[in-house]
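The values are calculated or read from the model by the stated rules, or taken from the named source; none is laboratory data. Owing to the predicted nature of the structure, the values given are computational and were not obtained by experimental measurement. FYI the Cβ positions are ideal-geometry reconstructions off the backbone, even for glycines, and counts take in every protein chain you see. Calculation scope for accessible area: heavy atoms of the full protein, side chains included, ligands and nucleic acids excluded. Shrake-Rupley method; radii C 1.70, N 1.55, O 1.52, S 1.80 Å.
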Amino acid sequence: MSHDVAQLCAELIRFDTTNFGEGNSRGEHEIASFIHGLLADAGYEPVLLGPEQARSSVVVRVPGQDRTLPGLLVHAHLDVVPAEPEQWSFDPFAGEIADGYIYGRGASDMKDMVAMSLATLLDWAATGTRPRRDIVVAFVADEEDKGDYGALWLAAEHPGLFAGIEAAIGESGGAATLLTAADGGLVHLYPVAVAERGTLHIRVRATGTSGHGSRPVDRNAVKLLISALDRVGSHRWPLTLTPVVRAYIEGTTAALGFPSDLTSEDGVQAAIAAMGEAGTVAGVTIRCSATPTVLRAGYKVNVIPGVAEADIDIRALPGTETATMDMIDELLGEGITREFLSYQPPTQSSPDSPWFAAMAAALQRHDPAAVVVPYCMGGGTDAKAFAPLGISCFGFSPLGADPEGRSVAGVHGIDERVPVHSLRTGQLVLQDFLGTV
Ligand SMILES: [Zn+2]
C-alpha cells in the first residue's frame, strides 16, 4: 500500500461512510479500523473507540519533543453526506484519480484532510520525525449529523484524550481561493476560520382550540404558528460586524485593491460585492439568521388540530446569543412556546494568536503570494464539540492553488472532486505546520 497522499485519499473515498442522520450510518467502523491498522503498523498507539462499534473514531497522540508545550489537536471527520449516484457522472465511491483530480464523495469534505493528516503521520513514522509539541489526531464519526456519536461523545466521555491541548485545527479554512484584483492581477487568498456562528435549533409549538373544520375557532394553532413563523422568517436581522468579520472584509478588499467603507450597510454590501467568490461567506456572517425549516400540524382536512409545531434553524454570531433569543421570543409572540433541539454556542478564537501566525507562516512558506485572512464560518463544524474543553479552534485544512486553474467542486452536491496538486501542496503545508508549530 502506498502512502502517497492522493492514493490514500482515493482509498479512503472507496469506504462508503454515508451518514444518513438520525443515528443511521455505514462504513465508519470499517474506515476507522483501516486507519487504526495503518497507524498501529507504523508504530503508533492509536485507540479505536465509539459509543457503539458501528460509530467508531480513532484517536492517536504523537508525543512532542518538548512535552511541556501545550498540545495541538487535529480533527477530521470520516463520514460523508449521502450521494445520489444517478445524478453523478461517475461512481461516487470509486475513488478515481484522473485529469488532475481525485473524484468521489468526501474528496473535499473531508477525506482530503484525513489523507493529509494520515500521510503526515506515516511520513513521520518512516523518517523518525517527532513534532515540537504533542499532536493529537482525531479521526471522528458523525460530523455530518450532530456529532453525538463522534466529536461530542469523545469530548464528553473521553476528555482525557485531549488533556493539555490548547488549540485545534479542523475543516473549513486554509484553502487557496484565487481572486481577481482591481488591477487585474491574481490574489491568492487563504481564509482561516477563527470563529463560527452558533447553532441554536429550536422547536416551537402553538396551542389552540381543536374542533370541526367547518366551525372556525378564534385560536387556531395552525394560524397562530404560521403568523409567528412569518414574523421570524421575515425579520431583517441588524447588521452586526464582529471584529473577525470586519477583519475578513477589510483584509480581503485591501488585498484586492478595492476601497471599503464599512460604516453603512450600503458600504458593507459594496465591499462584499467587490470580494467576488470570497464575499459569499461574508454575506452570511454580517448578521444573525433564523430560518423556519420543518412544519408539523394536523392529520385530517376537516379537523382543526389543537397543536402545531415547527423547527427553526437559528445561527447567532459570537456574543449575540442572548440578544438573538430575546428577539426570537419577541417575534414568536404570545402563546407560542419553544424548546432547544440543540444549543451549540458560537466559537471564537484569536486571529492575533501565535497559532494563527504559525498557520499563516506555513502557508506563506509554500506560496509566497499567500494573503491569509481570518474569517467567521456561517455554519458549524466539530470545533463546537472541542471548544468547550477550553480549546481554541481554527478551520485549517490547507489546499494549495492548482496551477492550471482546477478547483474543489461538488461539496455536499454532485461530482465532488479535489485537485491532486492542491492536495499535495496542502499536505506539505500541513506537515510543515504540524512539525514546526
Ligand atoms: Zn465536513
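Brief remarks on what is shown
- The residues in region 155-187 that are within 16 Å of the ligand (Cβ to nearest atom) and either on the phi > 0 side of the Ramachandran plot or touching a helix residue (DSSP H, G or I) at 6+ places or on another chain (Cβ under 7 Å) (or both) can be counted, and the count is 6.
- For region 363-376, the set of residues classified as over 18 Å from the mean Cα position of the chain (by Cα) and either within 22 Å of Asp109 (Cβ to Cβ) or within 16 Å of the ligand (Cβ to nearest atom) (or both) consists of Leu363, Val372, listed by residue number.
- Only a single item in (1) in a strand (DSSP E or B); (2) away from the ligand (no atom under 16 Å from the Cβ); (3) touching a Gly at 6+ places or on another chain (Cβ under 7 Å) is not met by Val194, and it is number (3).
- Some residue of region 47-55 being over 19 Å from Leu161 (Cβ atoms), open to solvent by 60 Å² or more (accessible area, probe 1.4 Å) and touching a residue at least 24 places away in the same chain (Cβ under 8 Å): no
- Matching residues, region 74-111, being among the charged types (D, E, K, R) and more than 15 Å from the ligand (Cβ to nearest atom): Glu84, Glu86, Asp91, Glu96, Asp99
- Just one of the listed residues (Thr253, Thr322, Thr263) is part of a loop (DSSP other than H, G, I, E, B), β-branched (Val, Ile, Thr) and at pLDDT 95 or above, and it is Thr263.
- Condition check for Asp66: of a type in the set (Asp, Glu) and buried (at least 18 other Cβ atoms within 10 Å of the Cβ): no
- Qualifying residue in region 229-242 (condition: aliphatic (A, V, I, L, M), surrounded by 24 or more Cβ atoms within 10 Å (Cβ to Cβ) and either over 23 Å from the mean Cα position of the chain (by Cα) or on the phi < 0 side of the Ramachandran plot (or both)): no
- Of all residues in region 377-408, those satisfying the criterion of being over 16 Å from the mean Cα position of the chain (by Cα) and either over 23 Å from Leu317 (Cα atoms) or of a type in the set (Lys, Arg) (or both) are Gly400, Ala401, Asp402, Pro403, Glu404, Gly405, Arg406, Ser407.
- Index of the failed condition, Gly43 passing every other in (1) crowded, with 19+ Cβ neighbours inside 10 Å; (2) more than 24 Å from the chain's Cα centre (by Cα): (1)
- The strands (runs of 3 or more DSSP E) found entirely in region 119-180 that carry 2 or more residues being buried (at least 22 other Cβ atoms within 10 Å of the Cβ) and either aliphatic (A, V, I, L, M) or out of contact with any Cys (no Cβ under 6 Å at 6 or more places or on another chain) (or both) are 135-140, 165-170.
- Residue check, Gly104 at positive phi, among the small types (Gly, Ala, Ser) and open to solvent by 30 Å² or more (accessible area, probe 1.4 Å): no
- Restricted to region 13-37, and to residues there that are open to solvent by 20 Å² or more (accessible area, probe 1.4 Å) and touching a strand residue (DSSP E or B) at 6+ places or on another chain (Cβ under 6 Å), the residue that is farthest from Ser108 (Cα to Cα) is His36.
- Qualifying residue in region 75-93 (condition: open to solvent by 30 Å² or more (accessible area, probe 1.4 Å), in contact with a helix residue (DSSP H, G or I) (Cβ under 9 Å, 6 or more places away or on another chain), touching a residue at least 60 places away in the same chain (Cβ under 8 Å) and part of a loop (DSSP other than H, G, I, E, B)): yes
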